[in-house]
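All remarks here apply to the structure that follows.
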Amino acid sequence: MEKSITREWLSYSEAQQYAGIGRTKLWELLNAGEIRAAHVGKAVRISRQSLESYMLRNAYSQATEVEGET
């Protein structure tokens, strides 16, 4: 059974699982400034809120998808 991720700051693997994206894409988003991260020692923690915001900004509706098919 998959555990629910509810912390505000996620590790790379948690952020990948949460958003369903790969490590390389996550790294690209961080470097582009699309999502926020913090260094804690050698560890990197990714803001769950900024990841959610990015996904919502880039979401599309079914109506948009259907319009392109006509």
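The values are calculated or read from the model by the stated rules, or taken from the named source; none is laboratory data. Being a predicted model, the structure only gives us computed values, none of them experimental. Methodologically, a virtual Cβ is constructed for each residue, glycine included, from the backbone with ideal geometry; neighbour enumeration extends over all protein chains shown. Each accessible area value is taken on the protein alone, full model and side chains, heavy atoms only, with ligands, DNA and RNA left out. Shrake-Rupley method; radii C 1.70, N 1.55, O 1.52, S 1.80 Å.
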Residue tally, condition over 14 Å from Glu8 (Cα atoms) and in a helix (DSSP H, G or I), over the range 29-57: 7
The range 43-54 residues that are open to solvent by 30 Å² or more (accessible area, probe 1.4 Å), paired with ones that are charged (D, E, K, R) and not in a helix (DSSP H, G or I) (beta carbon under 6 Å, 6 or more apart): Arg48/Glu8; Tyr54/Glu34
